[in-house]
Amino acid sequence: MHDGERYGEWRGGFARMSEGVLIDAPIRLNEHELQAHWFAGDFGRNFLTRDGVRVQIVQFGTWNHEAGPDFAEASVSFDGAPPVKGCIELDTDWRDWERHGHATNEDYESVILHLFTQRGTLDFFTRTLQHRNVPQVLLDVTALTHRAPEFLPEAKLGRCVGPLRALPEEKVREILLGSAHFRLQRKAASLALLTELHGSDEALYQGLAAALGYKSNKLAFTLISQRLPLRLALRAKAETDALLFGLSGFLNAADLGEYDATARIYLRRLWEQWWPRRAQYERLTIGPGIWKMSGQRPANHPQRRLGALAQIIRHWPKMRALKEECDPAAVRRFFHELRDEYWDHHFTLTSKAGNARMALVGESRLTEILANVLFPLAVSANPERWSDYQKLPAALSNRRVEIAATRLFGESVRRHELLRSVAMQQGLLQIYEDFCMQDSSDCQRCRFPEQLARW
Ligand code: SF4
């Protein structure tokens, strides 16, 4: 008898253990409780789809707290075939797929499995925007024997948690710094290519635009910086912001009457400057389908970020000098002092003005700009700047870093000690992208744990 069985007997068997916490029938769980049960593995990992296909959940993936399907980076095997990676959506009622507009939302194109706990009497197919038929699984809530866990980690612990814990801290630091250095050099190489193709100013401008768009609107910002190159943006002088907003497709004719006074004045100026140039840029305007507005903090709204880009262009000689110097303190000062009469107090082009002044570029964006644009450019010009990069403190962590840290380190004290610098966080992200995101075997075929021994 193993320890678990002995413990079960000692506390009176499983039936007793469930007493008082069994869910009353009929079982009505809200979506969050269902998701918690699902992620905890309470429904099991083997199912049959509605049309009889065997389904095995190889990886439960990670929670998605942003717009889009409930779970990302899952891995599912159908009828014993090699696992497929994608997202999983869990609804209480299967009709929620249509009711919530998932069928016409391209974010749901990546869904490989649709779970639900209730079905109607009529037949229903889960179809995506591209008319793909998503396999459906009806979950049996009556099989649940206990309440949903109140705390669940963001992601499951990986197989490498043990081997990493067994390594001395210095070794783990070495590995993270090694992957951070690799990541920095890769970014430096791609910015060097942009410099070769378009010149150093345009490369810096495109890098900054991509960093402001990160992550949901990186493509949109990159397109804008390509379609309105810096030399044209600089030539537009006081009309730069009108060109940026016009090209972004944000200046559609609307009734100004519904907005507050400051928004009306600002919008009228943008329109008046954009309208005469509209025909010239019409073909290059970004369509609304490219923008992702949901799931963003109001202060990070892409329109505010576009306002920040306009101000960076306005202060271009200073920005260029900051790039040459790459002094984190001076970069911080510049971005803290960056102001815009309108965007200091507005979330969007049409929102009401707030009293408190908001930073145009927040702390986490500033760190991204240093880590992903200014330092890669500095290291590409002078490899010795790597040692300065290692000293950059990480003011904040982000969700992706948290997920990667949970997978590799669990909740160990070491995790928090290790991730205090930008370099260590970037190193962790590189490992996550190279190994975790490539893996669809729930860590079983991942080479990282074995490679640790060879470092
Ligand atoms: S996929 Fe590899 S690196 Fe990622 S958690 Fe699993 S064992 Fe670790």
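Under a crude label model (7 Å from the Cα following the beta-carbon direction), how far is Thr121 from Arg277 in nanometres?
Inter-label distance under the simple model: 6.2 nm.
Would you calculate a helix-derived [θ] at 222 nm for the chain, using -39,500 (n - 2.57) for each DSSP H run of n ≥ 4 and dividing by the full residue count, to the nearest 500?
-13000 deg cm²/dmol
Give the cross-link partners of Lys352 among the aspartates and glutamates, using a straight C-alpha distance below 18 Å as the criterion and excluding same-chain residues fewer than 8 apart.
Asp255, Glu258, Asp260, Asp340, Glu341, Asp344
Give me Leu223, Leu232, Leu374 sorted ascending by neighbouring Cβ count inside 10 Å, so fewest comes first.
Sorted ascending by nearby Cβ count, the order is Leu232, Leu223, Leu374.
Relative to the longest principal axis of the chain, what angle (0 to 90°, nearest 10) does the C-alpha long axis of helix 261-274 take?
Relative to the chain, helix 261-274 is tipped by roughly 70 degrees.
Tell me, His346, His315 in order of fewest to most beta-carbon neighbours within 10 Å?
Neighbour counts put them in this order, fewest first: His315, His346.
Residue separation times 0.36 nm, minus the C-alpha to C-alpha distance between Asn105 and Arg332: what's the value?
Residue separation times 0.36 nm, minus the Cα-Cα distance, leaves 77.9 nm.
Would you please classify the overall shape of the chain from the alpha carbon gyration tensor, given that a ≥ b ≥ c denote the square roots of the eigenvalues, rounded means a/c under 1.5, and beyond that prolate means a/b larger than b/c while oblate covers the rest?
Oblate, because a/c is 1.5 or more while a/b does not exceed b/c.
What FRET efficiency would be calculated for the residue pair Glu174, Ser397, taking the C-beta separation as r and a Förster radius of 25 Å, to the nearest 0.05?
With a Förster radius of 25 Å, E is 0.75.
How would you rank 302-308, 198-204, 418-424, highest first, on the average number of other Cβ atoms within 10 Å across their residues?
Averaged packing, sorted descending, gives the order 302-308, 418-424, 198-204.
Could you tell me the relative contact order of the chain? Use alpha-carbon pairs under 8 Å, at least six residues apart, and round to a whole percent.
17 percent
Assuming R0 = 25 Å, what is the FRET efficiency of Glu384 and Leu197, from their Cβ-Cβ distance, to the nearest 0.05?
0.45
Give the cross-link partners of Lys237 among the lysines, using a straight C-alpha distance below 21 Å as the criterion and excluding same-chain residues fewer than 8 apart.
Within the straight-line limit of under 21 Å, Lys237 reaches these lysines: Lys318.
Percent of alpha carbon pairs in the stretch 389-439 separated by more than 18 Å?
24 percent
Just to be sure I understand: of the beta bridges DSSP finds with both ends in the chain, what percent are antiparallel, rounded to 5?
If I count the DSSP bridges inside the chain, around 65 percent turn out antiparallel.
Which of the three applies to the stretch 19-143, rounded, prolate or oblate, going by the alpha-carbon gyration tensor with a ≥ b ≥ c and a/c under 1.5 meaning rounded?
Rounded is the answer for the stretch 19-143, as its axis ratio a/c remains below 1.5.
If you restrict to DSSP beta bridges whose two residues both lie in the stretch 19-143, what percentage is antiparallel, to the nearest 5?
So the antiparallel bridges amount to about 60 percent of the total.
Based on the Cβ-Cβ distance from Arg28 to Asp260, what FRET efficiency comes out when R0 is 35 Å, to the nearest 0.05?
About 0.20, to the nearest 0.05.
For the stretch 201-360, what is Rg from Cα atoms divided by 2.2 N^0.38 Å, rounded to two decimals?
Dividing the Cα radius of gyration by 2.2 N^0.38 Å gives 1.00.
Taking the Cα-to-Cβ direction at Arg357 and at Ala67 and moving 7 Å from each Cα, how far apart do the two end points lie in nm?
The two pseudo-label positions are separated by 3.1 nm.
Given the pairs Lys156/Lys218; Lys215/Lys292; Lys187/Lys323; Lys85/Lys215; Lys187/Lys292; Lys215/Lys323, which are separated by over 19 angstrom at their Cα positions?
Going by Cα-Cα distance, Lys156/Lys218; Lys85/Lys215; Lys187/Lys292; Lys215/Lys323 fall outside the 19 Å limit.
On a full-extension model of 0.36 nm per residue, what is the gain between Glu154 and Arg50, subtracting their alpha-carbon distance, rounded to one decimal in nm?
34.5 nm
Measure nothing but the geometry: give the 0 to 90° angle between the long axis through the Cα atoms of 399-409 and the longest principal axis through the Cα atoms of the chain, rounded to 10°.
40 degrees
What net charge is computed for the residues neighbouring Arg95, neighbours being all others with C-beta under 12 Å from the C-beta of Arg95, Lys and Arg scored +1, Asp and Glu -1?
Net local charge, Arg95 excluded: -3.
Could you give the distance between the Cα centres of the stretch 399-428 and the stretch 352-389, to the whole Å?
20 Å
Helix 316-325 versus the longest principal axis of the chain: what is the Cα-based angle in degrees, 0 to 90, to the nearest 10?
Approximately 60 degrees, to the nearest 10.
Read-outs: derived from the displayed coordinates by stated rules, not from any lab. Note that the coordinates shown come from a computational prediction; the quantities given were computed from them, not determined experimentally. Cβ atoms come from the backbone with ideal geometry, glycine included; neighbour counts cover every protein chain shown.
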